[in-house]
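Below you'll find the structure, written out as structure tokens, and then a few comments.
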Amino acid sequence: MIASGELIAFHDGLKARPAGQIWEAVEANHRNNDALWKEEDLARRRNVPDAEIAANKRAIDSHNQKRNDAIERIDEILLTHLNDVQKRKDARLSSETAGAMTDRLSILSLKIRAMRLQTVRKDVDQAHVDACAQKLSRLTEQRADLAGCLDRLLAEAARGESYFKVYRQFKMYNDPKLNPAVYGENAGEKRGEAGGRKT
């Protein structure tokens, strides 16, 4: 199992990754969130060729798929540990999974890190610093609240009072068989090839 305090310490770089499959999935999730953050920043540039932005967008899709795969892996591992728990008849289904909460904690750690950097900038006015300090406080509160919710869900699940399921994300835009813009394009190419054939 995992605990929010360990997650936060790991996400903030204050603790090395513990051993175990679940922590491998936590690390993969956080690594891809960090890569996503950087690619999202780069994709907002306006002084570079369009080809660079297209490369950023493709990298975003790739990291996002890996991020979601890691969320599902976290849930799968946790549910394996909870398999033997006797679920009560009145157990509550949680609409958010523990993996999704772990992912949100990862993203919040990145937001907190970035916002903290804004509070120590020397090239901005005090109003900017003060506004960012307020946002940093709100983000820290949000993370603490979410951490408590995660710990509560896992404790309740261990007692059979709550449960969650693995929900597949089905990122259709990444699947050439499900994205109409891609399979439509491929169908057009095939029609073009067929039309160009000599009989």
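Each label was represented as a point 7 Å from its Cα along the Cα-to-Cβ direction; for LEU110 and ARG159 these points are 3.5 nm apart. Sorting 99-109, 11-21 by average packing, meaning the other beta carbons within 10 Å per residue, from highest down gives 99-109, 11-21.
Per residue, the average separation of C-alpha pairs within less than 8 Å and at least 6 apart gives the range 89-145 a relative contact order of 35 percent.
If you take all other residues with their beta carbon under 9 Å from the beta carbon of ARG143, and give Lys and Arg +1 and Asp and Glu -1, the sum is 0. Derived scalar couplings between HN and Hα for the range 71-84 equal 4, 5, 5, 4, 4, 4, 5, 4, 5, 4, 5, 9, 4, 8 Hz in order, rounded to whole Hz, by the Karplus curve 6.51 cos²θ - 1.76 cosθ + 1.60 (θ = phi - 60°), x for Gly and Pro. The share of accessible area on the chain that comes from carbon and sulfur is 51 percent, using a 1.4 angstrom probe. Expressed in Å, the radius of gyration and Dmax of the Cα atoms of the range 35-134 are 19.6, 59. Computed from phi, the 3J(HN,Hα) profile of the range 107-116 under the Karplus parametrisation 6.51, -1.76, 1.60 (θ = phi - 60°) reads 5, 4, 5, 5, 5, 5, 4, 5, 5, 4 Hz, with x in place of Gly and Pro.
Let me know the charge dipole size of the range 77-168 about its Cα centre in debye, to the nearest 20, where only the beta-carbon of Lys, Arg (+1) and Asp, Glu (-1) is charged.
Once rounded to the nearest 20, the dipole reads 180 debye.
Debye-formula intensities of the range 74-119, expressed as log10 I(q)/I(0) at q = 0.32, 0.33 Å⁻¹, are -1.10, -1.11 (one equal scatterer per alpha-carbon, no solvent).
Would you calculate a helix-derived [θ] at 222 nm for the chain, using -39,500 (n - 2.57) for each DSSP H run of n ≥ 4 and dividing by the full residue count, to the nearest 500?
That comes out to -23500 deg cm²/dmol.
Remark: the chain carries 63 Å² of accessible area per residue (probe radius 1.4 Å; ligands, DNA and RNA excluded). Each label was represented as a point 7 Å from its Cα along the Cα-to-Cβ direction; for MET172 and VAL129 these points are 5.0 nm apart. Normalising the average separation of contacting C-alpha pairs (under 8 angstrom, six or more residues apart) by the number of residues puts the relative contact order of the chain at 25 percent. A Cβ-based charge dipole, computed about the Cα centre of the chain with Lys and Arg at +1 and Asp and Glu at -1, lands at about 400 debye.
Near SER162, the amide H atoms lying under 5 Å from its own belong to ARG92, ALA157; only residues 5 or more places off or on other chains count, and H is placed 1.01 Å from N.
Each label was represented as a point 7 Å from its Cα along the Cα-to-Cβ direction; for ARG88 and ASN47 these points are 6.1 nm apart.
The values are calculated or read from the model by the stated rules, or taken from the named source; none is laboratory data. Please read these numbers as outputs of a predicted model, since none were measured by experiment. FYI the Cβ positions are ideal-geometry reconstructions off the backbone, even for glycines, and counts take in every protein chain you see. Surface areas here come from the heavy atoms of the whole protein model, side chains and all, with no ligands, DNA or RNA. Shrake-Rupley method; radii C 1.70, N 1.55, O 1.52, S 1.80 Å.
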